[in-house]
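Report on the structure given below.
The values are calculated or read from the model by the stated rules, or taken from the named source; none is laboratory data. The shown structure was predicted, so the numbers you read here are calculated from the model rather than taken from an experiment. Here the Cβ positions follow ideal geometry from the backbone for every residue, glycine too, while neighbour counts run over all protein chains shown. Quick note on the areas: whole protein, heavy atoms, side chains included, nothing else; ligands and nucleic acids left out. Shrake-Rupley method; radii C 1.70, N 1.55, O 1.52, S 1.80 Å.
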Amino acid sequence: MNPDVLDVVIVGAGQGGLSVSYHLCKAGVDHIVLDRGGIAHAWETRWDSFCLVTPNWTINLPGRRYDGEDPDGFMPRDTFVRYMKDWADGFGAPVAGRAEVTRVRWTGGRFRIQCKSGSIEARNVVVATATYQSPRFPSVAGDIPHDIRQLHAEDYRNCSQAPEGAVLVVGSGQTGCQIVEDFLRAGYSTYLCVSRTGRLPRRYRGRDCIAWQDDLGLLDRTPDMLDTPAQRFAGDPHLTGRDGGSTVSLHDFRRRGVTLLGRLEAVSGSVARFRDDLGRNLDYADAYASNFMKTVDDYVEATGAHAPPPTAAELFGGPGVDGSRIRSPESLDLDEAGITTVVWATGFGFDFSWIEGIATDAFGYPVTDRGKCTFPGLYFCGLNWMTRRKSGILFGVGDDAQEVSRDIIGRLGSARR
């Protein structure tokens, strides 16, 4: 065998790539982990007030399952980054930071991995860059007046980036709502364009909503159980782990002074125009929460599980008013409203075109069989819904990593016989 060809190259030093690296290190497999920013870079570059949205007990990384004193707490960004780095250092993960991969190409029997600094050859490649990599801007972003500062959530760190004045946050998913909370606490006049996103009570009947999801088997659902393949890319419901975790409610934002708007459709000069869908989106979020609570109630009744009745605090964030009675203004003059900053919390897209020749589905999403691709030796780990709902989160990525690693180890063993 060519000694200049590595057994394995892992692209990405987040939870997916490091989980595979853990098993390869334990098996003594020669490999390297490449990442443009180093260990946990994608976590390290999130906004300053970021906390995990799943409880600490869901941190189920190989060899480092959470066993601390606050299992029901939510790690802040910097604490979690240290946790990841300590874990990687503990098993000697061979991470080459600041190594950005631009192309992976199958050359027949091996892969050529092109980086900005050169190229590497490997017999196996694991792509662990997560599902989303590219910030997504709507076309209307190009029509925002030039004197208004625009930030994508990817680049947002804290409120000091916004000049004096009001703020418009576009997108009410998990990220958008957490950024709104930042600006509310900082005293900014805040506007929020509401999208169609569900919400969950942080706690219900004495337990965190994620614990109930686990008991209900929702985290072990497989892609074939979804109504349509497109549901794999639906936004996550409103949740936050800030201040120990609390329920996020658009109604509460409204009571606290946030101006809720429909979906942003167009901007002409300084005038923004909105879709008449605010009430429907509020009702959708409320129905999502109500359906979840009913599912829990039905489960408790069917199984006899011990669960106290819901408390007023657990029900906090309820509708309070029929969404259909809340009207969004059709238009808003951004100058008159004093808006000086727009934060685009409009999500991320994925693009795997840098991996030459891989099979993708109608959405451009990699087609895998439990992480394995059609090219022998090419694997994925950490993708949303790769094998189950929990594949892309801290709670479930380790299971997929173990299976991918086992296949790689077996493949290398067969090649050497």
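Observations on the model:
- Residue within the stretch 137-146 that is closer than 26 Å to Asp276 by Cα and acidic (Asp, Glu) present: yes
- Verdict on Ala285 being buried (at least 17 other Cβ atoms within 10 Å of the Cβ), within 23 Å of the chain's Cα centre (by Cα) and within 18 Å of Ser328 (Cβ to Cβ): yes
- Per-region count, the stretch 234-256, residues farther than 25 Å from Gly279 by Cβ, surrounded by 15 or more Cβ atoms within 10 Å (Cβ to Cβ) and either in contact with a Gly (Cβ under 9 Å, 6 or more places away or on another chain) or without any contact (Cβ under 8 Å) to a residue 60 or more places away in the chain (or both): 2
- Considering residues of the stretch 189-222 that are assigned to a loop (DSSP other than H, G, I, E, B) and of a type in the set (S, T, N, Q) only, the residue most open to solvent (accessible area, probe 1.4 Å): Ser189
- Identity of the residue in the stretch 223-276, part of a helix (DSSP H, G or I) and over 23 Å from the mean Cα position of the chain (by Cα), that ends up farthest from Gly364 (Cα to Cα): Arg255
- Within the stretch 176-188, tally of residues that are within 17 Å of the chain's Cα centre (by Cα) and either modelled with pLDDT under 95 or open to solvent by less than 10 Å² (accessible area, probe 1.4 Å) (or both): 3
- Single residue of Trp47, Trp43, Trp106, Trp57 found to be in contact with a strand residue (DSSP E or B) (Cβ under 9 Å, 6 or more places away or on another chain) and either open to solvent by less than 50 Å² (accessible area, probe 1.4 Å) or closer than 30 Å to Cys209 by Cβ (or both): Trp57
Results for (1) crowded, with 18+ Cβ neighbours inside 10 Å; (2) without any contact (Cβ under 8 Å) to a residue 60 or more places away in the chain; (3) assigned to a loop (DSSP other than H, G, I, E, B), shown as yes or no for each residue.
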residue	(1), (2), (3)
Ala362	no, no, yes
Leu383	yes, no, yes
Met386	yes, yes, yes
Lys390	yes, no, no
Phe395	yes, no, yes
Gly398	yes, no, no
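- Restricting Phe91, Phe111 to those that are buried (at least 16 other Cβ atoms within 10 Å of the Cβ) and out of contact with any Asp or Glu (no Cβ under 9 Å at 6 or more places or on another chain) reduces the list to Phe91.
- Selection within the stretch 62-78 - under 22 Å from Ala211 (Cα atoms) and within 18 Å of the chain's Cα centre (by Cα): Phe74, Met75, Pro76, Arg77
- Any pair with Cβ under 8 angstrom, 6 or more apart, that starts in the stretch 89-105 at a residue that is touching a residue at least 60 places away in the same chain (Cβ under 8 Å) and acidic (Asp, Glu) and ends at one that is assigned to a loop (DSSP other than H, G, I, E, B) and open to solvent by 50 Å² or more (accessible area, probe 1.4 Å): Glu100/Arg36; Glu100/Lys116
- Residue match in the stretch 319-332 (condition: within 28 Å of the chain's Cα centre (by Cα), of a type outside the set (S, T, N, Q) and either at pLDDT 95 or above or buried (at least 19 other Cβ atoms within 10 Å of the Cβ) (or both)): yes
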